[in-house]
Amino acid sequence: MAVPKRRMSRSNTRSRRSQWKTSAVATQPCPQCKSPKLPHAACGVCGTYNGRQVVEV
Amino acid sequence: MPKPTRGARLGGSPAHERLMLANLATSLFKHGKITTTEAKAKRVRPLAERMVTFAKRGDLHARRQVATVVRDKDVAYQLFAEIAPRFTNRPGGYTRIVKVGPRKGDNAPMAVIELVEELAEAPAPKRSARPAAAKTETAAALAPEEPAAEAAVEDTDADESKSE
């Protein structure tokens with residue numbers, strides 16, 4: 001099995017980790033209450049999806 | 001070659017998976033609407049719709065096939081007596097899954113699965129309907145359990161009065 005021969009420097013470690021990035025959650029404005037919601041999911045604020053009340057709020 | 005099951009594998013063993021899906025389907029018919037994870041909702045949908053199709057057929061063989069999944073006799077009776085007639089004009093697609101976003105705690109994507117036609121009010125206590133159910137189902141098997149079943153009905157009555 002392949003194993004590292006040399007310890008990796010902090011600089012190299014950090015250079016590699018500089019590519020770890022987060023991305024914002026994609027949201028859509030709710031057609032009922034205009035607050036941002038996940039696409040294809042019921043709105044967490046007003047609890048509606050497709051004009052139908054899905055969850056009680 | 002057998003066709004693989006669609007969707008996620010649940011639980012640790014096939015028996016556990018069957019039990020979980022059966023319990024989910026029973027809860028769905030009992031309450032009309034349940035919140036669960038997306039994976040489970042997607043797995044329970046074909047099973048639940050198959051049960052509704054059996055209930056629409058309504059003969060003894062269908063009852064026995066439903067009884068292998070829905071072990072609760074009250075729920076099975078309700079499925080045949082109340083849920084099936086609501087779907088007589090609907091050729092399939094008896095349930096609806098709506099995603100409701102990730103769960104707090106483990107971030108699991110959650111969904112609400114519900115029967116498409118709304119439950120007409122809270123299920124009324126069917127004390128008078130029970131004997132008819134006992135007759136149509138396997139009467140011999142039910143006979144010794146009769147007092148227990150009556151007690152269960154009374155319990156649900158008490159719960160309903162509390163919640164109101």
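Each value in this text was obtained by applying a stated rule to the coordinates, not by laboratory testing. Quick caveat, the model's predicted, so the values are computed rather than measured. Positions of Cβ are backbone-derived with ideal geometry, glycine not excepted, and every protein chain shown enters the neighbour counts.
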When the label point is put 7 Å from the Cα of B:Asn107 along its Cα-to-beta-carbon vector, which residues of segment A:40-55 have a backbone N closer than 20 Å?
A:40-42, A:44
Euclidean distance between Cα centres, segment B:6-54 to segment A:16-57, Å:
26 Å
Which trypsin sites (Lys or Arg not before Pro) in segment A:1-46 pass both tests, a DSSP loop state and at most 11 other beta-carbon atoms within 10 Å?
A:Lys5, A:Arg6, A:Arg7, A:Lys21, A:Lys34
Partner shielding of B:96-103, as the mean number of partner chain Cβ atoms within 10 Å, equals 5
Evaluate peptide A:37-47: per residue, the Cβ atoms of other protein chains within 10 Å of its Cβ; return the mean as an integer.
3
Which loop-located trypsin sites (Lys or Arg not before Pro) does segment B:42-105 contain, where loop means any DSSP state but H, G, I, E or B and the Cβ has at most 13 other Cβ atoms within 10 Å?
B:Arg71, B:Arg103, B:Lys104
What residues have an amide H closer than 5 Å to that of B:Val100, excluding those fewer than 5 places away on the same chain, when H is modeled at 1.01 Å from N in the peptide plane?
A:Ala42, B:Met110, B:Ala111, B:Val112
